[in-house]
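Novice: First, the structure itself, so that you have it in front of you.
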Amino acid sequence: MSTTEIWAVILGGMVVTYGVRASFILLPHPERLPATFRRGLRLVAPAVLAAILVPQVFVDASGRIDFFSPRSAAAAIAAVIGGLTRNTWLAIGGGMISLWILQALLGPAAG
Amino acid sequence: MKPPFRHEFLRGVRDGLPILIGVLPFGLVFGTLAIKAGLTPAESQGLSLFVFAGSAQFVAVQMIAAGAAAPAVVATILLINLRHLLYSASVSPYLARLRLRWRLFLAYLLTDEAFAVSAPRWRQADLEHAHAYYMGAGVALWTCWQLSTALGIAFGARIPESLSLAFALPLTFLAMLLPTLIDRPAWSAAIAGGLLSLALRDLPYGLGLILAVVIAVGVGVSVEALGGTKPAEVRDVDD
């Protein structure tokens with residue numbers, strides 16, 4: 001992406017984000033959101049986060065799906081740590097340390 | 001600042017401090033990863049300054065690095081930040097009597113964290129300067145996010161490639177995902193989102209991600225609707 005396009009993303013991202021934040025604050029008589037819409041909004045976060053992380057964990061450098069790699073093992077360990085401790089930083093730290101150990105054991109090429 | 005306003009503002013700053021301990025490392029990681037993804041320092045700080053939305057910034061950087069088209073990245077930022085509609089609707093009655101320029105400014109500060117910190121304050125009795133409390137929490141968060149991004153930009157480039165630091169990004173998403181998995185609709189949306197995104201990953205311009213998210217939210221809403229109309233049967237199967 002060129003510098004111009006990246007700045008277009010930044011300014012576009014600003015417009016849509018600020019627009020959403022200001023929406024009801026600027027309305028003189030804010031209407032209530034429909035219940036179905038509210039429920040949908042709550043589910044956007046889990047849907048987006050899973051959709052962005054799953055390919056990063058399970059697709060290798062050549063673009064093929066690989067469920068058994070140091071990355072998937074490290075992500076599984078991070079998920080278990082996060083689920084048990086409910087601590088974001090332990091999960092990320094545990095996942096990174098697991099990845100380093102697995103890469104050291106399996107050779108630097110394994111990613 | 002008049003004394004009651006300043007008092008509320010400082011209370012907001014103070015009550016916002018604990019959450020900054022969690023925000024600071026995110027800003028450091030964001031600044032670092034934005035540079036690792038090939039953004040310039042100005043572009044990296046620009047995202048924090050103008051978009052000012054943590055998870056959307058991380059996803060934008062990831063999509064830019066993966067070669068997505070600009071409109072797809074902006075559409076994804078919108079999708080991720082749609083949840084702010086809830087916050088905006090929720091605080092709007094308390095800000096309605098303020099001048100327009102105040103409302104324009106306070107809308108910029110409306111983040112997950114500022115909303116979370118100020119939510120208990122709106123429920124208290126004396127609301128005359130409650131917006132100053134919210135502003136204090138928002139300004140504290142804003143300052144922390146900008147400074148931690150700048151620190152990440154300044155020092156992140158010194159971290160060696162062999163540490164595979166880019167993998168901290170999916171781990172960060174994973175750590176943010178876990179607390180949202182509070183019920184079956186949320187699990188359904190996450191599983192559908194992950195699988196669809198994997199299946200649609202070769203679609204151009206980052207369209208696969210957007211399509212996966214829209215369908216996954218539909219799946220989650222459907223699961224919730226099913227759970228609501230036929231609770232006994234559904235529960236027998238899954239729980």
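Novice: Just wondering, is there one or more residues in the stretch B:179-186 that are within 26 Å of residue A:90 (Cα to Cα), within 7 Å of another protein chain (Cβ to nearest Cβ), in contact with a Leu (Cβ under 9 Å, 6 or more places away or on another chain) and not aromatic (Phe, Trp, Tyr)?
Specialist: yes
Novice: Which of the residues that make up the stretch A:41-90 are touching a strand residue (DSSP E or B) at 6+ places or on another chain (Cβ under 7 Å) and part of a helix (DSSP H, G or I)?
Specialist: Within the stretch A:41-90, A:58 is the sole residue that qualifies.
Novice: So, one more: Output the residue which, of all residues in the stretch B:31-45 that are of a type outside the set (S, T, N, Q) and under 20 Å from residue B:67 (Cβ atoms), is nearest to the other protein chains (Cβ to nearest Cβ).
Specialist: Filtering the stretch B:31-45 down to residues of a type outside the set (S, T, N, Q) leaves B:31, B:33-39, B:41-43.
Among the residues that remain, those that are also under 20 Å from residue B:67 (Cβ atoms) are: B:33-39, B:43.
On the way: B:33: 12, B:34: 10, B:35: 13, B:36: 14, B:37: 10, B:38: 9, B:39: 7, B:43: 5 Å.
Across the stretch B:31-45, the extreme among qualifying residues is B:43.
Novice: Please find, within the stretch B:113-127, the residue that is farthest from the other protein chains (Cβ to nearest Cβ) out of those that are within 17 Å of the chain's Cα centre (by Cα) and surrounded by 17 or more Cβ atoms within 10 Å (Cβ to Cβ).
Specialist: Step one: of the stretch B:113-127, the residues within 17 Å of the chain's Cα centre (by Cα) are B:113-119.
Keeping just the survivors that are surrounded by 17 or more Cβ atoms within 10 Å (Cβ to Cβ) gives B:113-115, B:117-118.
On the way: B:113: 13, B:114: 10, B:115: 10, B:117: 16, B:118: 13 Å.
The qualifying residue farthest from the other protein chains (Cβ to nearest Cβ) is B:117.
Novice: Show me the helices (runs of 4 or more DSSP H) found entirely inside the stretch B:94-167 where at least 2 residues are small (Gly, Ala, Ser).
Specialist: On the way: elements: B:100-108, B:112-122, B:130-156.
Of the helices (runs of 4 or more DSSP H) lying wholly inside the stretch B:94-167, those with at least 2 residues that are small (Gly, Ala, Ser) span B:112-122, B:130-156.
Novice: Just to verify a result, which residue in the stretch A:53-73, among those that are among the hydroxyl-bearing types (Ser, Thr, Tyr) and either exposed (fewer than 13 other Cβ atoms within 10 Å of the Cβ) or free of Cβ contacts under 8 Å to residues at least 24 places away in the same chain (or both), is farthest from residue B:202 (Cα to Cα)? Even if it seems obvious, please write down each step before you answer.
Specialist: Going through the stretch A:53-73, the residues among the hydroxyl-bearing types (Ser, Thr, Tyr) turn out to be A:62, A:69, A:72.
Checking the rest, the ones that are also either exposed (fewer than 13 other Cβ atoms within 10 Å of the Cβ) or free of Cβ contacts under 8 Å to residues at least 24 places away in the same chain (or both) come to A:62, A:72.
Numbers: A:62: 12, A:72: 20 Å.
Looking at residues that are among the hydroxyl-bearing types (Ser, Thr, Tyr) and either exposed (fewer than 13 other Cβ atoms within 10 Å of the Cβ) or free of Cβ contacts under 8 Å to residues at least 24 places away in the same chain (or both), I get A:72.
Novice: Further question: Since residue B:203 meets every condition but one in (1) more than 10 Å from chain A (Cβ to nearest Cβ); (2) under 24 Å from residue A:9 (Cα atoms); (3) modelled with pLDDT of 90 or more, which condition does it not meet?
Specialist: The single condition residue B:203 does not satisfy is (3).
Novice: Right, something else. Within the set of pairs 6 or more residues apart or between chains, which connect a residue that is farther than 19 Å from residue B:226 by Cβ and assigned by TED's automatic domain parsing to the domain that holds residue B:226 inside the stretch B:182-208 to a residue that is modelled with pLDDT under 90 and crowded, with 23+ Cβ neighbours inside 10 Å with Cβ atoms less than 7 Å apart?
Specialist: B:197/B:209
Novice: Can you tell me which residue among A:58, A:37, A:24, A:68 is aromatic (Phe, Trp, Tyr) and in contact with an Asp or Glu (Cβ under 7 Å, 6 or more places away or on another chain)?
Specialist: Sole residue among the options that is aromatic (Phe, Trp, Tyr) and in contact with an Asp or Glu (Cβ under 7 Å, 6 or more places away or on another chain): A:58.
Novice: A follow-up question, please. Checking the structure you have, find out if any residue of the stretch B:59-78 is surrounded by fewer than 20 Cβ atoms within 10 Å (Cβ to Cβ), at pLDDT 90 or above, under 18 Å from residue A:5 (Cα atoms) and touching a Ser or Thr at 6+ places or on another chain (Cβ under 8 Å).
Specialist: Yes, the stretch B:59-78 contains a residue that is surrounded by fewer than 20 Cβ atoms within 10 Å (Cβ to Cβ), at pLDDT 90 or above, under 18 Å from residue A:5 (Cα atoms) and touching a Ser or Thr at 6+ places or on another chain (Cβ under 8 Å).
Novice: Would you pick out the residues in the stretch B:177-186 that are in a helix (DSSP H, G or I), within 19 Å of the chain's Cα centre (by Cα) and surrounded by fewer than 23 Cβ atoms within 10 Å (Cβ to Cβ)? Explain how you work it out, then say what you get.
Specialist: Quick first cut of the stretch B:177-186, residues in a helix (DSSP H, G or I) only: B:177-180, B:184-186.
Next, only the ones that are within 19 Å of the chain's Cα centre (by Cα) stay: B:177-180, B:186.
Result: B:178, B:179, B:180, B:186.
Novice: Is it true that residue B:218 is under 17 Å from residue A:72 (Cβ atoms), at the interface with chain A (Cβ under 10 Å from one of its Cβ atoms) and not hydrophobic (A, V, I, L, M, F, W, C)?
Specialist: Values: under 17 Å from residue A:72 (Cβ atoms): no; at the interface with chain A (Cβ under 10 Å from one of its Cβ atoms): yes; not hydrophobic (A, V, I, L, M, F, W, C): yes.
Here the answer is no, as residue B:218 does not meet what is asked.
Novice: For residue B:197, work out the one condition from (1) at pLDDT 80 or above; (2) over 21 Å from the mean Cα position of the chain (by Cα) it doesn't fulfil.
Specialist: (2)
The values are calculated or read from the model by the stated rules, or taken from the named source; none is laboratory data. A quick note: this is a predicted structure, and the numbers were derived from the prediction, not measured. Please note: Cβ atoms are built from the backbone with ideal geometry, for glycine as well, and neighbour counts cover all protein chains shown.
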